[in-house]
Amino acid sequence: MSSAFSETVQARIDSLRQQIDAANYAYFALDAPTLSDSSYDSLMRELKELEASHPELVTADSPTQRVGANVVTTFDPIAHRTPMLSLDNAFSEEELREWEAKLRRQVGAGEDFAIEYVCELKIDGSSISLAYENGRLIRGGTRGNGESGEDVTHNLRTIAALPLQLRPIAPKTEAPAKPQAALSLFDDVEEEPSAADFPSLIEIRGEVFMTHSEFARINSEMEERGGKTFANPRNATAGSLRQKDPSITASRKLDICLYTLGACEGWSFESQYDLLQTYKQWGLRTNPNVAICKNIDEVLAFCESWRTKKESLNYDIDGVVVKVNSFALQRELGQVSRSPRWAIAYKYPALQVRTKVEKIEIQVGRTGALTPVAHLTPVAVAGVVVSRATLHNEDEIRRKDVRVGDTVVIQRAGEVIPEVVEVVVGERTGDEEEFVFPTLCPSCNSPTERPEGEVVRRCVNLICPSKVQAQIEHFVSRNAMDIEGLGEKQVEQLIATGLVKDPADLYTLELDQLLPIERMGEKLATKIIANIDSSKTRPLSRLIFGLGIRHIGEHGAEVLANHFGNLDKLRTATVEELSGIFEIGKTTAESTFAYFAESRNQNLLDRLESAGVRPASTETAPVSTAFAKKTFVFTGTLLQLKREEAEAMVKARGGRASGSVSKQTSYVVAGESAGSKLAKAQQLGVAVLTETEFIEMCDVKEEAQ
Ligand code: IVH
C-alpha cells in the first residue's frame with residue numbers, strides 16, 4: 001500500500017476517533033448530546049470497517065477497542081497507592097449535627113467560622129479505583145479490602161462513559177485564541193494532549209453502577225434463558241465487574257460516576273468542588289446532583305429534599321455523602337481508623353413503599369407452621385421488585401388488621417424479607433375482605449394446633465405434603481446437605497410421584513427414576529445422583545441441621561455435633577444431658593429430645609445409615625479459648641473475609657457468632673454499608689469493631705495463646 005494512501009486512511013481514522021470522543025464527552029460528561037444515535041453508530045461503523053481493513057492502524061485507545069479479545073482466567077491483585085477508605089454513617093439530623101460539631105471542635109472553628117460542604121448522592125454500586133498515567137487509563141480495580149483489590153481493567157474498559165484517554169482542559173475563554181487546526185484531536189483544543197495537561201499519575205475513584213432499566217432488561221433476559229436473576233442492581237454490578245469475559249460485561253451496559261481521589265502526582269486540587277469540576281473537564285462522568293452548602297442547615301435541606309426525590313432516579317442511592325469542601329481543612333481533619341473525619345454518609349432508613357394486598361395465602365413450613373403471606377401488586381423497593389411480604393402469624397394479621405384489597409405500607413431493610421408495616425386505612429373503599437385464618441391445614445386438610453402461649457399454629461400431620469416438601473428442601477439446602485440440582489420444582493415432583501416421602505428416600509433414587517422429571521436431561525440427572533452420593537459424608541453438624549429439629553439452627557447443630565461427635569450418642573441423649581451443654585437451653589434440649597423420641601425419626605436415621613450416610617466428624621475442638629463466652633455479630637459487607645470465614649474464626653477461638661444484636665452481644669463487627677444492626681449496637685452500647693480491627697484482634701489473641 002502506498003504511504004500516501006495510508007496517510008489518508010490514517011487521517012480519516014483520526015477524524016472519526018476525534019468525532020466519536022467528542023460525542024462521548026458531550027453525552028457522558030456534559031450530559032448534552034451532540035449527535036443522534038444513528039449518526040454516532042454510522043461513525044463507529046465506518047471506523048470499525050477501516051480498522052478491519054487496516055489492522056496496523058488499530059490503537060489500544062481507539063473507541064472500537066473497548067472490548068478486548070482477551071478472556072482473563074484470574075483477577076490479579078491490584079495494590080491501591082493510597083488506601084480506599086470507607087465512610088461513617090449518620091442516621092438522623094442529630095447525628096449529622098454531632099459530626100459537624102465534632103469536626104468544628106477539632107479545627108477550633110468558632111461560631112462565625114463558616115465551613116463549606118459538598119453534598120453528593122451516595123450511589124449504591126461497586127467502588128472502583130482507576131489509575132491514569134499522563135491522562136491515559138492504565139489500570140482499574142475493585143476496592144477489595146481497601147489496600148488492594150482485583151484488577152478488572154478489561155471490564156472497566158467496556159464502560160462507554162469511561163474515557164480511555166482524558167481530555168485536556170480547554171483554555172479559559174479570556175486566553176488569546178490560537179488558530180484552529182484543521183483536524184484537531186479534540187474539537188475545543190488546539191494541540192494534541194501533552195503530559196502537562198494531566199497529572200503524571202492519578203488514582204481517580206468512583207462508583208460503577210447499573211440503572212434500573214438496564215437491571216430490568218438483564219434480569220428479564222436471564223429469566224427467559226432460565227438462568228438465575230440478580231437480586232438488585234448492586235449485585236448485578238458486582239457480578240458484571242467480576243466477569244472473566246469482557247464481552248459479557250460489555251453487554252450489560254454499566255454506568256460510572258467519579259467523585260474522589262487516591263494518589264495524585266503532578267496536580268493539585270483546591271477543594272472537592274474543584275476536583276469534581278476538573279474531572280468533568282477531563283471528560284470524566286460526575287454526578288450532576290451536587291451542591292455546595294454554606295452550612296449544616298443547607299446540608300440537611302439537601303438530604304431532606306433527596307429523601308423523596310431519590311425515588312425518581314433511574315438508579316439506587318442509599319444516602320447523601322457530605323464532604324468538607326476545602327482540601328486544606330480535609331488534610332487538617334485527617335482520618336480515624338479507615339474513615340475520614342471530613343466526610344460522612346447520611347443514610348436514609350429502611351425503604352417503605354405502598355402497594356395493594358391482592359390475596360393472603362398460607363404457607364406450611366417444615367415444622368408445620370402456618371405462615372400467612374401477603375401477595376402484593378408488584379412494586380420496586382430500592383431496585384428489587386417485591387410481590388410478597390410476610391404477615392408473620394394470625395395475631396399479627398389481627399393486630400395490624402390487614403384485609404385483602406387493603407393498601408399497605410411495606411418495608412424492606414437489608415436482606416430481611418419484606419414485611420407489612422401498616423394498613424393505609426384512609427384508602428379503604430369498604431370492599432376489603434377480612435382474612436379468616438384456617439383451622440385446617442390448607443395443604444392436607446388435617447387439624448392444626450396452636451398450643452397455649454404460642455403464636456404459631458401448626459399442622460400436626462406428620463406426612464403433610466407441604467411439610468414434607470419444606471423438610472426435603474431444607475435437607476438438601478446449601479447450608480445443610482448441599483445437594484445441588486434439587487430445587488423446589490424437582491422436589492415437588494419427586495413427592496408427587498411417591499418416590500420420595502422423606503430425606504432417606506433420596507439415597508435410593510436411581511437415574512431412571514429422575515429422568516421423567518420435567519426439564520431433566522440425562523446429564524443433569526447423573527449430576528444430581530452424584531451430588532446425592534457425595535452428600536453422604538457431609539459434616540455431622542450439617543446433617544443435624546438438615547434434620548430440621550425445632551429450635552436447632554446451624555449454630556445449635558454445630559454445638560451438638562461438637563459435643564457428641566457422632567449421631568449414635570446424640571440419638572440416645574437424655575434431656576438432662578442435652579440441657580447441660582453450654583448454649584443449649586431447656587427448650588432446645590426438650591425439642592431435640594422430643595425429635596429423637598419419635599420412632600419415625602429414629603427409623604429415618606436408621607435408613608439414612610443403611611443407605612450409606614456417614615457424616616464426617618470434622619468438627620474439631622476450638623483451637624483456642626481466646627473468645628470463650630464471647631458473642632460476635634457480623635453486619636454489612638465484609639471486604640477481606642467471607643462471612644463464613646469470619647464466623648469460623650470466632651468459633652475456632654471458642655466464641656459464638658450470632659445473627660442478632662442484643663445486650664448479650666460482646667462485639668458487632670461492622671462491614672461496608674452496615675445498617676440497622678450497627679445502629680442497634682450503638683444504641684445498646686455494644687462495642688463495634690471494623691473488619692480490620694476484628695482481624696487484628698484474632699491475630700493478637702492468637703499470639704497471646
Ligand atoms: S466518598 C473517603 N462519595 O460509599 C471517601 N463515596 O462507605 C470515600 N459512595 O466505598 C468515599 N457515592 O463506594 C464517596 N459520592 C460519593 C459516593 C461514595 C457512593 C460509596 C463508595 C464508598 C462508600 C462509603
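Pull up the range 314-341, narrow it to residues that are out of contact with any Phe, Trp or Tyr (no Cβ under 9 Å at 6 or more places or on another chain) and hydrophobic (A, V, I, L, M, F, W, C), then point me to the one that is farthest from the ligand (Cβ to nearest atom).
A328
If only one of K467, K501 is crowded, with 16+ Cβ neighbours inside 10 Å and among the basic types (K, R), which one is it?
Residue meeting the stated conditions: K467.
Failed condition for V661, given (1) more than 22 Å from R338 (Cα to Cα); (2) crowded, with 20+ Cβ neighbours inside 10 Å; (3) in contact with an Asp or Glu (Cβ under 9 Å, 6 or more places away or on another chain), with all others met?
Among (1) more than 22 Å from R338 (Cα to Cα); (2) crowded, with 20+ Cβ neighbours inside 10 Å; (3) in contact with an Asp or Glu (Cβ under 9 Å, 6 or more places away or on another chain), V661 violates only (3).
Please determine whether any residue of the range 290-312 is within 16 Å of the ligand (Cβ to nearest atom) and within 21 Å of Y25 (Cα to Cα).
yes
Would it be correct to say that G149 is within 26 Å of T64 (Cβ to Cβ), part of a strand (DSSP E or B) and at pLDDT 90 or above? Show your work before the answer.
Details: within 26 Å of T64 (Cβ to Cβ): no; part of a strand (DSSP E or B): yes; at pLDDT 90 or above: yes.
When the stated conditions are applied, G149 does not pass them.
For the range 373-385, give me each residue that is away from the ligand (no atom under 16 Å from the Cβ) and either surrounded by fewer than 21 Cβ atoms within 10 Å (Cβ to Cβ) or farther than 30 Å from A480 by Cα (or both).
Selection gives V373, H375, L376, T377, P378, V379, A380, V381, V384, V385.
Answer yes or no: is there a residue in the range 109-121 that is within 15 Å of the ligand (Cβ to nearest atom), part of a loop (DSSP other than H, G, I, E, B) and farther than 16 Å from V324 by Cα. Explain how you work it out, then say what you get.
Of the residues in the range 109-121, the ones within 15 Å of the ligand (Cβ to nearest atom) are 117-121.
Retained after the next criterion (residues that are part of a loop (DSSP other than H, G, I, E, B)): none.
The answer is no; no qualifying residue exists.
All but one of (1) within 16 Å of the ligand (Cβ to nearest atom); (2) surrounded by fewer than 20 Cβ atoms within 10 Å (Cβ to Cβ); (3) polar (S, T, N, Q); (4) within 28 Å of L30 (Cβ to Cβ) hold for S62, so report the exception by its number.
Unmet for S62, out of (1) within 16 Å of the ligand (Cβ to nearest atom); (2) surrounded by fewer than 20 Cβ atoms within 10 Å (Cβ to Cβ); (3) polar (S, T, N, Q); (4) within 28 Å of L30 (Cβ to Cβ): (1).
Scan I495, I544 and give me the residue that is assigned to a helix (DSSP H, G or I) and modelled with pLDDT of 95 or more. Don't jump to the end; show me each part of the working.
Values: I495 fails: modelled with pLDDT of 95 or more.
That would be I544, the only listed residue that is assigned to a helix (DSSP H, G or I) and modelled with pLDDT of 95 or more.
With respect to G485, is the statement that it is in a loop (DSSP other than H, G, I, E, B), over 23 Å from I463 (Cβ atoms) and small (G, A, S) true? Don't jump to the end; show me each part of the working.
Details: in a loop (DSSP other than H, G, I, E, B): yes; over 23 Å from I463 (Cβ atoms): yes; small (G, A, S): yes.
Answer is yes for this residue.
Only one of H392, H375 is part of a loop (DSSP other than H, G, I, E, B) and either touching a strand residue (DSSP E or B) at 6+ places or on another chain (Cβ under 9 Å) or on the phi < 0 side of the Ramachandran plot (or both); which? Break it down into steps so the answer makes sense when it comes.
Values: H375 fails: part of a loop (DSSP other than H, G, I, E, B).
The match here is H392.
A quick yes/no check of all residues on (1) of a type in the set (A, V, I, L, M, F, W, C); (2) surrounded by 15 or more Cβ atoms within 10 Å (Cβ to Cβ):
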position: T574; (1), (2): no, no
position: E577; (1), (2): no, yes
position: I584; (1), (2): yes, yes
position: T592; (1), (2): no, yes
position: N601; (1), (2): no, yes
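Are any residues in the range 389-411 charged (D, E, K, R) and surrounded by 19 or more Cβ atoms within 10 Å (Cβ to Cβ), and if so, which ones?
E394, D406
To keep it simple, each residue is scored yes or no on (1) out of contact with any strand residue (DSSP E or B) (no Cβ under 9 Å at 6 or more places or on another chain); (2) touching a residue at least 40 places away in the same chain (Cβ under 8 Å); (3) under 25 Å from L494 (Cα atoms); (4) aliphatic (A, V, I, L, M).
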site	(1), (2), (3), (4)
Q513	yes, no, yes, no
E522	yes, no, yes, no
I552	yes, yes, no, yes
V559	no, no, no, yes
T572	yes, no, no, no
E577	yes, no, no, no
G580	yes, no, no, no
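Please verify whether D76 is more than 16 Å from the ligand (Cβ to nearest atom) and at pLDDT below 95, treating the condition exactly as stated.
Criteria met by D76.
Does V661 meet the test of being in contact with a strand residue (DSSP E or B) (Cβ under 6 Å, 6 or more places away or on another chain) and assigned to a strand (DSSP E or B)?
no
Would you confirm whether any residue within the range 91-100 is of a type in the set (A, V, I, L, M), touching an Asp or Glu at 6+ places or on another chain (Cβ under 9 Å), closer than 20 Å to Q330 by Cβ and within 16 Å of the ligand (Cβ to nearest atom)?
no
Which residue pairs have Cβ atoms under 8 Å apart, sit 6 or more places apart or on different chains, and have a first residue in the range 354-372 that is surrounded by 17 or more Cβ atoms within 10 Å (Cβ to Cβ) and a second that is among the acidic types (D, E) and in a strand (DSSP E or B)?
The qualifying pairs are P372/E361.
In the set R97, R105, which member is out of contact with any helix residue (DSSP H, G or I) (no Cβ under 8 Å at 6 or more places or on another chain), modelled with pLDDT of 90 or more and not in a loop (DSSP other than H, G, I, E, B)?
Of the residues listed, the single one that is out of contact with any helix residue (DSSP H, G or I) (no Cβ under 8 Å at 6 or more places or on another chain), modelled with pLDDT of 90 or more and not in a loop (DSSP other than H, G, I, E, B) is R105.
The values are calculated or read from the model by the stated rules, or taken from the named source; none is laboratory data. For clarity, every value in this text was computed on a predicted model and none was experimentally measured. In this analysis, Cβ positions are derived from the backbone assuming ideal geometry, glycine residues included, and neighbour counts consider all displayed protein chains.
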